[in-house]
Each structure stands twice: as structure tokens, then as C-alpha cells.
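Contents: one structure, followed by commentary.
The values are calculated or read from the model by the stated rules, or taken from the named source; none is laboratory data. Values in this document were obtained by computation on a predicted structure and should not be read as measured data. Virtual Cβ from ideal backbone geometry, glycine too; neighbours counted across all protein chains shown. We work out accessible area using only protein heavy atoms, side chains counted, and drop any ligands, DNA or RNA first. Shrake-Rupley method; radii C 1.70, N 1.55, O 1.52, S 1.80 Å.
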Amino acid sequence: MCRALLYLGKPVLLDNLLFQPDSALVRQSYMPKMLHMLNLAGFGMRAWDPGSHEAEAPFAYASDSLPVFDRNLKNLATKVRAGCVLAHVRGVAYSTQVEISLQNVHPFQFAGVPLTLAHNGDLTRFAELRPRLAAHVRPDLAHQVRGTTDSEWIYALVVSQLANPFESPTGAELVAAITRALAIIREERAKLGIDVSSSVNLFVTDGRQVAAVRYCFDFGRYAIADAARVHEANMSYLSLWYTAGSGYGLHEGEWKMTGGAERADSILIASEPLTRDVASWVEVPEYSILHAEIRDGRPSVEIHYLD
């Protein structure tokens with residue numbers, strides 16, 4: 001199981017998202033609360049600073065090493081504040097068949113495309129599925145695929161559903177593109193007779209809006225011919241949570257948002273709550289897309305349900 005987070009709102013120090021809280025994203029790589037599988041295959045991030053040069057372009061960071069030992073990441077995190085962050089710790093099956101490389105580190109972002117995406121989950125029998133998905137991807141985007149993951153092809157498929165992938169979409173256009181991409185995957189799985197549980201939790205942003213998807217194809221159906229391959233992550237619906245508020249940071253010894261949703265200026269979405277106190281966190285419904293953007297200084301949150 002991978003771990004990821006999305007933040008949108010008042011600029012926050014990256015250290016306060018990645019390292020400091022009780023269950024910060026980097027801590028989750030070796031001390032997860034849910035699905036106790038270690039994440040050992042790298043870390044990646046996009047972060048937008050509204051005060052930086054060319055503010056519409058994000059900081060980009062990627063490493064195939066363990067983030068807890070990454071001094072460069074720690075040093076960067078203690079100096080940079082960002083108003084939007086997408087960060088991802090890659091988790092993979094414990095197998096010699098898995099390729100660990102920078103090309104496979106999330107989030108993915110093609111040249112000239114504002115949207116970036118990270119994925120938590122896996123597509124069963126992806127080797128068979130890949131050429132069928134590629135047929136739905138724009139050729140000018142398909143040639144930018146560099147890695148071997150299902151996640152990068154999901155990204156290519158999502159952005160290919162936009163009328164113009166090289167411009168930031170509206171919220172409605174983004175939700176429609178994600179919905180269509182999931183429908184294509186579902187259709188192509190059916191043609192191949194694939195009916196095994198496959199999680200597709202997605203984290204998407206262009207720096208001014210965020211979308212998070214909690215979805216699983218054929219949840220509850222497992223290939224049992226090789227029982228050893230039915231691992232823990234397949235047995236539970238992958239989690240996704242969000243919280244809204246203001247002044248995210250350390251308050252009276254606790255990491256949390258303050259002010260409550262009614263006075264919120266920021267939203268934080270994560271695979272699992274980052275803080276010890278989870279009372280202010282809300283679980284994203286299964287089979288849904290959460291979309292949020294800042295309007296008049298406050299996060300506007302919508303939940304769109306999926307088939």
C-alpha cells in the first residue's frame with residue numbers, strides 16, 4: 001500500500017506535513033496506522049509556492065531511497081512553504097519482480113501538462129491491460145510514459161480525457177475526465193475477463209484545485225489459486241480521509257487544524273489521518289471523488305459518487 005497526501009490552502013511548512021506530526025507521511029513509511037505494510041520504494045512530491053518564481057509551476061522532488069533517511073528532503077522541508085502539496089510514498093509488493101527506479105516514483109506529470117497524479121493501489125493483470133488502455137491515450141502523451149507502472153498509464157489515461165490536457169481544467173472537466181478514465185478501465189477489464197479486486201485511489205492536482213478518488217474494481221473478489229499472493233492490502237478497502245480548518249500546525253501539544261470547517265481556509269487529504277486526534281477527520285466515501293478548490297478564501301468541497 002502506498003501513502004499519499006494532498007494539501008490546499010494557506011501556505012504551510014513542508015516539514016509540518018511530511019515529518020513532524022504524529023503520523024506524518026514520512027513516518028507512515030515505517031510506522032503505518034492502517035495496513036501494516038512498509039513502504040520501501042521511494043518518495044515524490046509536487047509543491048506550489050504562490051510567492052515563488054513562476055508560481056504556477058511546482059517544486060518537483062523525487063527519490064528512490066527511503067524518505068526517513070533522506071537528508072536533502074528534510075533540509076528542503078524545513079525551508080519551503082507551499083499552498084498546495086501532493087506527496088507520495090511508494091509501496092510495492094515484496095518481490096524481485098518489482099522495479100524500483102526514479103521513473104516509477106509518483107506523482108507523475110508530463111511536460112506541459114498542469115495536472116499531476118499519484119496512485120494508491122494496483123491493477124490486476126496490468127501487462128494484459130496496458131495495450132488496451134494505451135489505445136485510449138493521446139499519442140503525444142503516450143510517448144512521455146517513462147516507467148513501468150500501472151499508475152503512470154492511469155495518469156496518461158486521465159489527462160487524455162481532457163479536451164486540452166495542456167491547460168488547467170475546470171472542476172467539472174476534471175471530475176468528468178477521471179470518471180471517464182475509470183469507465184474505460186472497467187470496460188477493458190470486462191473484455192479481458194478480469195474480475196479481481198483492484199484498488200484505484202487517486203490524488204490529483206494542478207496547484208489550484210485538488211481531487212481525490214476512493215475506488216476499487218471488483219472489491220471482495222480475489223484470485224485464490226496462489227493464496228500467498230492475497231496480501232493484506234487486498235483484504236481491506238483502501239482508506240482515504242480529509243479534514244478542513246485553518247492554522248494547521250502544533251497547537252497545545254497536538255498537531256491539528258483549528259477553527260473548524262465553518263472557518264476553514266485549508267483542506268488536507270491523506271491516505272490515513274496525520275494526527276493523533278482523528279475527531280476532525282472525515283472518511284471519504286467509497287466509490288466517490290472528492291473535489292475541492294479555494295473560493296473567496298475558503299475551501300469549497302464537493303463529493304461526486306461513482307458507479
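Using only the alpha-carbon atoms, what does region 232-274 span along each of its principal axes? Please give whole angstrom values in decreasing order.
Reported extents, whole Å, longest axis first: 37, 23, 10.
Taking only pairs that are 8 or more places apart or on different chains, how many Lys pairs in the chain have Cα atoms under 26 angstrom apart? Walk me through the numbers on the way to the answer.
Values: Lys10/Lys74; Lys10/Lys79; Lys10/Lys256; Lys33/Lys74; Lys33/Lys256; Lys74/Lys256; Lys79/Lys256.
The number of close lysine pairs in the chain is 7.
Loop only by DSSP, 13 or fewer other Cβ within 10 Å of the Cβ. Give me the trypsin sites (Lys or Arg not before Pro) in region 236-292 that pass, ordered by residue number. Could you put the intermediate results ahead of the total?
Working: sites: Lys256, Arg263, Arg276; in loops: Arg276.
Within region 236-292, the qualifying trypsin sites (Lys or Arg not before Pro) (loop, at most 13 other Cβ atoms within 10 Å) are Arg276.
For region 157-221, which chymotrypsin sites (Phe, Trp or Tyr not before Pro) pass both filters: DSSP loop (anything but H, G, I, E, B) and at most 15 other C-beta atoms within 10 Å?
Numbers: sites: Phe166, Phe203, Tyr215, Phe217, Phe219; in loops: Phe166, Tyr215, Phe219.
Sparse-neighbourhood loop chymotrypsin sites (Phe, Trp or Tyr not before Pro): Phe166.
Please work out the average accessible area per residue across the chain, using the 1.4 Å probe convention, and give it in Å².
Working: 13150 Å² over 307 residues.
Per-residue accessible area for the chain comes out at 43 Å².
Out of the total accessible area of the chain (probe 1.4 Å, heavy atoms of protein only), what percent is carbon and sulfur?
Details: 6830 of 13150 Å².
C and S fraction of accessible area: 52 percent.
As a test of the formula, what do you get for the chain when each DSSP H run with n ≥ 4 contributes -39,500 (n - 2.57) and the sum is divided by the residue count, at 222 nm and rounded to the nearest 500 deg cm²/dmol?
Working: 8 runs with 66 residues, N = 307.
Taking each H run of at least 4 residues, the total per residue is -6000 deg cm²/dmol.
How fast does region 144-191 diffuse by Stokes-Einstein, in µm²/s, taking the Kirkwood radius from C-alpha pairs at 4 °C and 1.567 mPa s? Intermediate results must be reported in sequence, preceding the final value.
Details: Rh = 11.4 Å.
The diffusion coefficient I find is 114 µm²/s.
If I ignore ligands, DNA and RNA and count only protein heavy atoms, how much of His106 is accessible to a 1.4 Å probe, in Å² to the nearest 10?
Counting only protein heavy atoms, His106 exposes about 10 Å² to solvent.
In units of 2.2 N^0.38 Å, what is the alpha-carbon radius of gyration of region 103-170? Intermediate values should be presented prior to the final figure.
On the way: Rg = 11.4 Å, N = 68, 2.2 N^0.38 = 10.9 Å.
Scaled against compact globular proteins, the figure is 1.04.
Can you give the longest stretch of the chain with no exposed loop site, where a site means GluC sites (Glu not before Pro) in a DSSP loop (not H, G, I, E or B) with at most 16 other C-beta atoms within 10 Å? Show your work: numbers first, answer last.
Details: sites that count: Glu54, Glu56, Glu99, Glu167, Glu252, Glu286.
Here the longest run is 168-251.
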